[in-house]
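For reference, the structure is listed below as structure tokens.
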Amino acid sequence: MTVTTPSPTADPVKKPSGFTPLAKRRRVADHVVRIAVIAALLVALVPLVWLVATLVIRGIEPLLDIDWWTLPERKGGAANAIVGTLIQTALAAVISIPLGIFVAIYLVEYAAKKSVLARVTTFMVDILSGVPSIVAALFVYAVWRTTLGFPRSGFVVAIALVLLMVPLVVRATEEMLKIVPQDLREASYALGIPKWKTIVKIVLPTALSGIVTGVMLAIARVMGESAPVLILVGSTRAMNWNPFDGNQQSLPLMMVQQYNNGPGAFDEVWGAALCLVVLVAIVYFGAKVVSKIFAPKTS
């Protein structure tokens, strides 16, 4: 009887190659979670797609008429409302965006962790984030109209929109600045670059894309607010380019007025709603292009 002995160089234990297959229970759980996530996505898309489709179907007809974009309401268009919306939103953005960004820079870059001013500022930003638009409009009306006695105008609407927009800009900018790696700041300081120049040249460009997105969300919110325009400015069917003098129409105000005119004016209501969405989309994509141009280049 011949007995063979294993070679001393041979591996007596065969090692498994690759990863160990998942247990059946874990595979089932993975598939269940994946299906649940996809189902949640579809459920969330249903009202969004439904809303966009309804807006396009019911509001596209007025927008296809050139008179809608070129003539005021008294001549069958909506140019006065479009101009008023853009002017009021632009005034609010000019005030809110620098103010919100500077406040966020202070909270992230300069304020000490136990600073009383920083804690008070953060608390007030959180409070203003949840203030309804009607409250902001009534506050501005009480100060501007009742206390100071100044007339209503488009500029007063912009002031109310500032109260709604600043906390959104502060919160979005603050979160974007926090995710900028600290190593970038320290590398800049090591080269002898001052703190303010580090913020301007390194921190802000790195976080620019996220800041622009937050700013655009804030603009989209205030552009469609109806409470401030109902309380702080009078309506007019004529064109008014001056936000500091006289009544000034806007798309939200136009929608409310046309809705009160009954079912015969619902086409104008849907048209104004779709026009508002189109304006927000144009501003949003324009801002994204600007952010890509000024964002730091990656190799």
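Check off (1) at pLDDT below 90; (2) open to solvent by 50 Å² or more (accessible area, probe 1.4 Å); (3) in a helix (DSSP H, G or I) for VAL33 and give me the number that stays unchecked.
(1)
As an exercise: evaluate TYR110 against (1) farther than 26 Å from VAL200 by Cα; (2) open to solvent by 50 Å² or more (accessible area, probe 1.4 Å); (3) among the hydroxyl-bearing types (Ser, Thr, Tyr) and give the number of the one condition it does not meet.
(1)
Restricting to segment 241-264, count the residues that are part of a loop (DSSP other than H, G, I, E, B) and hydroxyl-bearing (Ser, Thr, Tyr).
1
Any residue at all in segment 222-231 that's over 21 Å from VAL157 (Cβ atoms), assigned to a helix (DSSP H, G or I) and open to solvent by 20 Å² or more (accessible area, probe 1.4 Å)?
The answer is no; no qualifying residue exists.
Do we have any residue at all in segment 69-84 that's among the aromatic types (Phe, Trp, Tyr), under 21 Å from GLN257 (Cα atoms) and crowded, with 20+ Cβ neighbours inside 10 Å?
Within segment 69-84, not a single residue is among the aromatic types (Phe, Trp, Tyr), under 21 Å from GLN257 (Cα atoms) and crowded, with 20+ Cβ neighbours inside 10 Å.
Against the definition (within 14 Å of THR89 (Cα to Cα), open to solvent by 20 Å² or more (accessible area, probe 1.4 Å) and of a type outside the set (Phe, Trp, Tyr)), how does SER235 come out, yes or no?
Taking the combined requirement at face value, the residue does not satisfy it.
Given (1) buried (at least 18 other Cβ atoms within 10 Å of the Cβ); (2) part of a helix (DSSP H, G or I); (3) not basic (Lys, Arg), identify the lone condition not met by ASP267.
Result: ASP267 fails condition (1) only.
Being out of contact with any Phe, Trp or Tyr (no Cβ under 7 Å at 6 or more places or on another chain), assigned to a helix (DSSP H, G or I) and more than 20 Å from PHE102 (Cβ to Cβ), is that true of even one residue in segment 202-214?
no
Conditions (1) open to solvent by 100 Å² or more (accessible area, probe 1.4 Å); (2) at positive phi; (3) at pLDDT 80 or above, marked per residue:
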{"residue": "THR5", "(1), (2), (3)": "yes, no, no"}
{"residue": "ALA10", "(1), (2), (3)": "no, no, no"}
{"residue": "LYS14", "(1), (2), (3)": "yes, no, no"}
{"residue": "GLY18", "(1), (2), (3)": "no, yes, no"}
{"residue": "ALA23", "(1), (2), (3)": "no, no, no"}
{"residue": "LEU48", "(1), (2), (3)": "no, no, yes"}
{"residue": "THR54", "(1), (2), (3)": "no, no, yes"}
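Every residue, every condition in (1) in a helix (DSSP H, G or I); (2) crowded, with 18+ Cβ neighbours inside 10 Å; (3) among the acidic types (Asp, Glu), yes or no:
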site	(1), (2), (3)
PRO151	no, no, no
VAL170	yes, yes, no
LEU184	yes, no, no
TYR189	yes, no, no
ILE193	no, no, no
LYS197	yes, no, no
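Given the condition without any contact (Cβ under 8 Å) to a residue 12 or more places away in the chain, surrounded by fewer than 16 Cβ atoms within 10 Å (Cβ to Cβ) and assigned to a helix (DSSP H, G or I), answer yes or no: does some residue in segment 56-64 qualify?
Scanning segment 56-64 turns up at least one residue that is without any contact (Cβ under 8 Å) to a residue 12 or more places away in the chain, surrounded by fewer than 16 Cβ atoms within 10 Å (Cβ to Cβ) and assigned to a helix (DSSP H, G or I).
What is the one condition in (1) closer than 30 Å to GLN182 by Cα; (2) at pLDDT below 85; (3) of a type in the set (Gly, Ala, Ser) that GLY246 does not satisfy?
With respect to (1) closer than 30 Å to GLN182 by Cα; (2) at pLDDT below 85; (3) of a type in the set (Gly, Ala, Ser), GLY246 is out only on (1).
Which condition does SER291 not pass, out of (1) under 30 Å from VAL203 (Cα atoms); (2) open to solvent by 10 Å² or more (accessible area, probe 1.4 Å); (3) hydroxyl-bearing (Ser, Thr, Tyr), if it passes all the others?
Every listed condition holds for SER291 apart from (2).
Give LEU253, LEU217, LEU232, LEU184 a once-over and let me know the one that is at pLDDT below 90, among the hydrophobic types (A, V, I, L, M, F, W, C), more than 21 Å from LEU163 (Cα to Cα) and touching a helix residue (DSSP H, G or I) at 6+ places or on another chain (Cβ under 7 Å).
Within the list LEU253, LEU217, LEU232, LEU184, the selection yields LEU184.
The values are calculated or read from the model by the stated rules, or taken from the named source; none is laboratory data. Keep in mind that this is a model prediction, so the values were computed, not measured. So basically every Cβ, Gly included, is an ideal-geometry build from the backbone, and we count neighbours across all protein chains shown. Quick note on the areas: whole protein, heavy atoms, side chains included, nothing else; ligands and nucleic acids left out. Shrake-Rupley method; radii C 1.70, N 1.55, O 1.52, S 1.80 Å.
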